[in-house]
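The values are calculated or read from the model by the stated rules, or taken from the named source; none is laboratory data. Keep in mind that what you see is a predicted model, and the values were worked out from it rather than measured. We place every Cβ from the backbone using ideal geometry, glycine too, and count neighbours over all the protein chains shown.
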């Protein structure tokens with residue numbers, strides 16, 4: 001009995017003596033008294049760098065649980081806005097506190113953690129040379145609480161929330177910056193005079209020392225889902241799981257077995273008639289967790305890995321099967337995944353990772369196998385990396401391999417240089433690509449940037465990655481400056497001026513139009529914004545519209561001038577609105593009966609907040625084009641009078657912190673009238689053709705109602721109803737209201753789904 005009592009005391013005494021921090025919005029534990037404190041803040045959005053007019057006190061310390069950050073935000077009670085929103089919703093109109101932490105203090109990336117006064121979390125990653133991305137959802141905690149004359153937010157960022165390099169010392173250096181958002185003024189405050197969207201953001205973080213600990217984490221996420229499509233009769237039950245193991249020593253293993261193809265979230269509707277593929281961001285939890293090492297991209301131009309390729313639609317050759325009709329009826333727009341595995345490790349200045357994914361075989365098709373190896377080595381302020389991807393198409397018996405060497409050099413907190421060397425091999429053809437880019441900030445209020453791209457005709461990344469287009473040479477240079485001293489125009493708070501020059505061609509020297517663009521964005525004292533932009537394009541050659549036709553590689557185009565006006569209103573109590581108008585005119589063609597291209601665009605949108613728990617948003621877009629040029633096949637094209645109308649209606653309702661109902665809908669009506677058939681000659685000129693071309697209409701509906709119940713953090717129940725479809729008519733006989741109505745009355749999909757995802 002004495003032995004048992006001694007064992008109990010050995011286990012119990014440390015729990016009694018330890019000072020557990022309770023995350024309750026009360027900074028009353030003794031640890032806060034000796035913590036690192038920040039009290040000086042500056043206005044960074046708009047980027048005036050003026051000292052903050054309100055008082056903020058931020059405290060930081062660490063213990064064996066993680067990094068604690070506490071904010072005390074002083075302001076009048078009447079100005080505290082606590083509208084609820086979706087997790088990771090950037091446009092949330094609520095008081096907010098945020099932290100960005102570079103855990104390895106190496107300037108490569110920072111993790112962002114934000115909490116609103118309504119206790120809605122947002123998190124994301126800011127990579128060197130990139131923009132903030134909020135697809136990642138981390139396992140961290142925060143709590144807010146209102147008081148008389150101030151409100152408090154309290155963060156706990158666990159040591160195992162991300163993969164970080166092991167630290168043998170009792171102290172760890174981290175780079176950190178903290179934020180506060182004033183919803184009524186639409187102003188972001190920051191303690192290191194930077195914001196997430198500035199080119200040198202990672203160089204302007206504050207370095208501090210905190211007590212260092214390591215912590216092991218093993219999370220198990222089983223899920224079960226039920227999906228039924230009443231239109232196609234598709235009925236599926238799925239059971240799968242995700243396992244995340246962080247050893248706390250710089251190593252992490254992520255495994256998913258039979259994962260869901262998609263989260264309960266629909267993509268935006270994008271009507272695309274161009275030769276370039278539309279890029280869609282990743283929404284599946286597994287492919288966003290611990291993925292930053294494999295994230296190498298350049299804006300919207302290319303990505304070495306695009307995880308949306310994994311589980312995309314399979315290849316089919318139904319005409320060669322014995323039961324062609326059954327094969328056609330068995331087609332799906334996605335492929336099941338057997339498993340995906342990701343291993344990553346950090347060793348001081350070396351990062352290394354392996355990624356493997358295997359798709360399932362189907363009755364009339366076989367899945368693909370995906371492999372990737374990634375390493376990055378940091379030497380002083382320079383980083384050199386190697387990237388290998390390989391895809392095996394088991395149905396077509398084809399393979400594709402991509403090799404990349406990437407280099408980043410942070411010369412100073414003003415100048416950073418990037419270089420990527422890319423090679424691809426597919427079907428015995430080898431391709432090459434190159435990117436060189438610089439970002440230079442001579443002053444805090446100005447920026448210069450430039451880039452050179454060269455992608456030869458055989459460069460192919462789209463088996464695993466994303467490439468906007470190959471056979472491409474690009475030179476771009478840009479400059480912008482912020483003006484903040486307006487003694488004569490006291491209603492203006494900030495004016496951002498920017499200008500960009502872009503030259504593009506194919507690798508044979510066929511020049512695309514040379515483009516000059518200029519931006520003027522005013523931010524006013526009443527928080528409204530007005531932007532005026534214009535673009536000038538010279539005549540040139542469109543080298544993509546004919547889809548790489550060997551005999552007709554381009555179409556000669558005319559120069560054009562365009563401008564856009566944008567306005568965002570201040571907060572008007574329970575509502576706000578924005579509008580945009582656009583205009584573009586191009587010269588006439590002399591080779592056919594042309595009156596010149598014309599584009600007119602208008603958009604109006606708004607948000608209504610009748611209560612903190614309810615939000616309704618709407619947007620209406622109208623675009624009309626005269627002589628809209630569209631490719632049909634080979635060297636056959638046509639010009640149309642195009643009219644496109646888009647109506648979007650969204651609604652979010654929240655009950656407490658557990659229940660969320662979201663409605664998301666888009667309705668598209670497109671009409672292409674008065675077609676005139678054209679043909680391209682050997683020199684790229686458009687000429688009249690006698691070939692018959694029909695007008696057409698296109699209607700698209702995307703409607704989703706989603707109920708989410710939070711069982712516990714990162715454990716959810718989803719109930720989702722999705723209805724949508726597309727109705728295309730190649731001989732237009734429908735009016736706009738009928739085009740909107742047809743896809744709703746004759747949907748291609750009507751899906752009911754239930755999904756339960758748990759965290760253990």
Counted residues, the stretch 289-314 - those being more than 19 Å from residue 127 (Cβ to Cβ) and either in a helix (DSSP H, G or I) or without any contact (Cβ under 8 Å) to a residue 24 or more places away in the chain (or both): 3
Residue among 142, 118 that alone is in a strand (DSSP E or B), touching a residue at least 60 places away in the same chain (Cβ under 8 Å) and either more than 21 Å from the chain's Cα centre (by Cα) or closer than 30 Å to residue 218 by Cβ (or both): 142
Residue 401 vs. criteria without any contact (Cβ under 8 Å) to a residue 40 or more places away in the chain and more than 30 Å from residue 332 (Cβ to Cβ): no
Answer from 427, 480 - the residue that is within 26 Å of residue 381 (Cβ to Cβ) and touching a residue at least 12 places away in the same chain (Cβ under 8 Å): 480
Any hit, the stretch 153-166, residues being outside the structural domain of residue 292 (by TED's automatic domain parsing) and in contact with a helix residue (DSSP H, G or I) (Cβ under 6 Å, 6 or more places away or on another chain): no
Residue match in the stretch 533-550 (condition: at pLDDT 95 or above and within 30 Å of residue 615 (Cα to Cα)): no
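Can you say whether residue 629 is touching a residue at least 60 places away in the same chain (Cβ under 8 Å) and either over 30 Å from residue 555 (Cα atoms) or assigned to a strand (DSSP E or B) (or both), as far as the supplied structure shows?
The answer is yes for residue 629.
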Flag if residue 62 is out of contact with any helix residue (DSSP H, G or I) (no Cβ under 6 Å at 6 or more places or on another chain), in a loop (DSSP other than H, G, I, E, B) and buried (at least 19 other Cβ atoms within 10 Å of the Cβ): no
Some residue of the stretch 607-618 being crowded, with 16+ Cβ neighbours inside 10 Å, modelled with pLDDT under 95, within 30 Å of the chain's Cα centre (by Cα) and assigned to a loop (DSSP other than H, G, I, E, B): yes
Qualifying residue in the stretch 230-239 (condition: touching a residue at least 12 places away in the same chain (Cβ under 8 Å), assigned by TED's automatic domain parsing to the domain that holds residue 342, buried (at least 19 other Cβ atoms within 10 Å of the Cβ) and more than 26 Å from the chain's Cα centre (by Cα)): no
Every residue from the stretch 593-606 that is buried (at least 16 other Cβ atoms within 10 Å of the Cβ) and outside any strand (DSSP E or B): 594, 597
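The rows are residues; the columns are (1) in contact with a helix residue (DSSP H, G or I) (Cβ under 9 Å, 6 or more places away or on another chain); (2) modelled with pLDDT under 90; (3) assigned to a helix (DSSP H, G or I); (4) surrounded by 12 or more Cβ atoms within 10 Å (Cβ to Cβ).
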{"position": "19", "(1), (2), (3), (4)": "yes, yes, no, no"}
{"position": "23", "(1), (2), (3), (4)": "no, no, no, yes"}
{"position": "32", "(1), (2), (3), (4)": "no, no, yes, yes"}
{"position": "37", "(1), (2), (3), (4)": "no, no, no, yes"}
{"position": "43", "(1), (2), (3), (4)": "no, no, no, yes"}
{"position": "48", "(1), (2), (3), (4)": "no, no, no, yes"}
{"position": "57", "(1), (2), (3), (4)": "no, no, no, yes"}
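Has the stretch 693-711 got any residue that is closer than 30 Å to residue 221 by Cα, touching a residue at least 12 places away in the same chain (Cβ under 8 Å) and over 26 Å from the mean Cα position of the chain (by Cα)? Spell out the reasoning first.
Let us first name the residues in the stretch 693-711 that are closer than 30 Å to residue 221 by Cα, namely 702-711.
With touching a residue at least 12 places away in the same chain (Cβ under 8 Å) added as a condition, the list becomes 702-711.
After this cut, where a residue has to be over 26 Å from the mean Cα position of the chain (by Cα) as well, the list is 711.
Checking the stretch 693-711: at least one residue is closer than 30 Å to residue 221 by Cα, touching a residue at least 12 places away in the same chain (Cβ under 8 Å) and over 26 Å from the mean Cα position of the chain (by Cα).
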Members of the stretch 69-105 found to be touching a residue at least 40 places away in the same chain (Cβ under 8 Å), surrounded by fewer than 20 Cβ atoms within 10 Å (Cβ to Cβ), over 24 Å from residue 24 (Cβ atoms) and more than 23 Å from the chain's Cα centre (by Cα), listed by number: 105
Among the candidates 286, 355, residue that is assigned to a strand (DSSP E or B) and either surrounded by 15 or more Cβ atoms within 10 Å (Cβ to Cβ) or touching a helix residue (DSSP H, G or I) at 6+ places or on another chain (Cβ under 9 Å) (or both): 355
Given (1) touching a strand residue (DSSP E or B) at 6+ places or on another chain (Cβ under 8 Å); (2) surrounded by fewer than 19 Cβ atoms within 10 Å (Cβ to Cβ), number of the condition residue 489 does not satisfy: (1)
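Counting only residues that are at negative phi and at pLDDT below 95, how many does the stretch 174-186 have?
Looking only at that region, the number is 3.
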The stretch 315-334 - residue that is within 23 Å of residue 463 (Cα to Cα) and in a loop (DSSP other than H, G, I, E, B) and, of those, modelled with the lowest pLDDT: 333
Filter pass, residue 756 being touching a residue at least 12 places away in the same chain (Cβ under 8 Å), under 21 Å from residue 285 (Cα atoms) and in contact with a strand residue (DSSP E or B) (Cβ under 9 Å, 6 or more places away or on another chain): yes
Positions within the stretch 511-551 being out of contact with any strand residue (DSSP E or B) (no Cβ under 7 Å at 6 or more places or on another chain), crowded, with 16+ Cβ neighbours inside 10 Å and more than 23 Å from residue 272 (Cα to Cα), in sequence order: 527
Residue match in the stretch 418-440 (condition: buried (at least 19 other Cβ atoms within 10 Å of the Cβ), touching a helix residue (DSSP H, G or I) at 6+ places or on another chain (Cβ under 9 Å) and outside the structural domain of residue 549 (by TED's automatic domain parsing)): no
Answer residue from the stretch 214-229, given it is touching a strand residue (DSSP E or B) at 6+ places or on another chain (Cβ under 7 Å) and under 26 Å from residue 166 (Cβ atoms) and is surrounded by the most Cβ atoms within 10 Å (Cβ to Cβ) among those: 221
Verdict on residue 668 being in contact (Cβ under 8 Å) with a residue 40 or more places away in the chain, surrounded by 17 or more Cβ atoms within 10 Å (Cβ to Cβ) and in a loop (DSSP other than H, G, I, E, B): no
Residue 362 modelled with pLDDT under 85 and in a loop (DSSP other than H, G, I, E, B): no
Which listed residue is within 25 Å of residue 646 (Cβ to Cβ) and either in contact (Cβ under 8 Å) with a residue 40 or more places away in the chain or not assigned by TED's automatic domain parsing to the domain that holds residue 156 (or both), from 730, 681: 730
